[in-house]
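Heads up, the thing below is written out as structure tokens.
The values are calculated or read from the model by the stated rules, or taken from the named source; none is laboratory data. Predicted model only: the values in this text are computed from it and were never measured. Here the Cβ positions follow ideal geometry from the backbone for every residue, glycine too, while neighbour counts run over all protein chains shown.
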Amino acid sequence: MSLNPTLPPSGVDWTQGFSQFTPGERGARRALRQFLREGLDDYANGRDRPDLDVTSRLSPHLRFGEISPHRILLELDKAVAANPRLSAPAAKFRSELAWRDFSYTLLRQQPRLHTTNFRNDFESFPWRSDPAALRAWRLGETGYDLVDAGMKELWATGYMHNRVRMVAASFLIKHLLIDWREGERWFWDCLLDADSANNPASWQWVAGCGADAAPYFRIFNPIAQAAKFDPQGVYRARWLGGELDSYVRADKAGTPNADLRRRPIVDHAFARQRALDAYHNRETHEPD
């Protein structure tokens, strides 16, 4: 029995937002050429800006083996040879490929990286069970506009800008104290570039339980992150549209808003201190 490739999807076609990626080797080569031509020059400075389009968008192609890191490095070297001014941003991009390899090294050491803390001292961490908060995070209804914009981008396109991934992951883990594995599973289900090494390694890095992880006290302030990396609100407006005006703005106390859905589901200062207390008071275990 053969499948008919022209058979249209039934119901609503939820894949329309995925069209930014062209599957296959040809699409991967095209994405690489476009990045080297239009994105590499500003990569070192602009890669953390979700409002700018300077990332390579190669991660889904790498994930499915449509292009190899060796091919990318070869073309990167050619670009630098032709234009030495690209040396610094190229070095930064190489480091991101190296981080991907590092994640695979971790996976070799811990084949259950998606379920097992790399550091044993996190085994007794007091994660909270909060289905309502988890659902709000998944739907992009936390009341923090950068987090919510990222979660809506993820649902619509199967992709999320890397800086926003870190902020959204930090929010789930540290503001809500929800187990990082819940977030890892959601990203695994939604991301086109969900990778068996990168995905859990990155979540563990944010949680502080991974190898060479971010310190537990590094708790992203989603309001400050939005102001720094999306200063004009371009990215947030793209994914929140008219909803953006109903979000509580960036004063410390917050401003009461008639639209209760847009009030933050947790106060930043309270959540930060709660997370610090939880990390400080966790029981420690010596590594096996």
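A few comments on the model shown:
- Which numbered condition residue 134 misses (of (1) surrounded by fewer than 18 Cβ atoms within 10 Å (Cβ to Cβ); (2) within 23 Å of residue 282 (Cα to Cα); (3) in contact (Cβ under 8 Å) with a residue 40 or more places away in the chain): (1)
- For residue 227, the conditions (1) farther than 23 Å from residue 20 by Cα; (2) modelled with pLDDT of 95 or more; (3) in contact with an Asp or Glu (Cβ under 8 Å, 6 or more places away or on another chain) are fulfilled apart from (3).
- Lone qualifier among 79, 169, 98 - being free of Cβ contacts under 8 Å to residues at least 12 places away in the same chain and within 29 Å of residue 42 (Cα to Cα): 98
- Odd one out for residue 28, checked against (1) at pLDDT 95 or above; (2) hydrophobic (A, V, I, L, M, F, W, C); (3) within 29 Å of residue 149 (Cα to Cα); (4) out of contact with any His (no Cβ under 7 Å at 6 or more places or on another chain): (4)
- Looking only at residues in the range 37-62 that are of a type in the set (A, V, I, L, M, F, W, C) and free of Cβ contacts under 8 Å to residues at least 60 places away in the same chain, the one that is nearest to residue 95 (Cα to Cα) is 44.
- Hey, residue 50 outside any loop (DSSP other than H, G, I, E, B) and under 16 Å from the mean Cα position of the chain (by Cα) or not: no
- Of the residues in the range 85-96, at least one is in contact with a Ser or Thr (Cβ under 9 Å, 6 or more places away or on another chain), crowded, with 17+ Cβ neighbours inside 10 Å and either on the phi > 0 side of the Ramachandran plot or in the same structural domain as residue 70 (by TED's automatic domain parsing) (or both).
- Cβ pairs under 6 Å, 6+ apart, first in the range 144-165 and free of Cβ contacts under 8 Å to residues at least 24 places away in the same chain, second assigned to a loop (DSSP other than H, G, I, E, B): 151/140
- Of the helices (runs of 4 or more DSSP H) lying entirely inside the range 142-206, the ones with 1 or more residues being closer than 16 Å to residue 238 by Cα are found at 145-157, 162-170.
- Boolean, residue 266 is in a loop (DSSP other than H, G, I, E, B) and at pLDDT 95 or above: yes
- Taking the range 146-178 as the range and being aromatic (Phe, Trp, Tyr) and touching a Phe, Trp or Tyr at 6+ places or on another chain (Cβ under 6 Å) as the test, no residue passes.
- Enumeration of residues in the range 207-229 that are of a type in the set (Gly, Ala, Ser), crowded, with 22+ Cβ neighbours inside 10 Å and part of a helix (DSSP H, G or I): 207, 226
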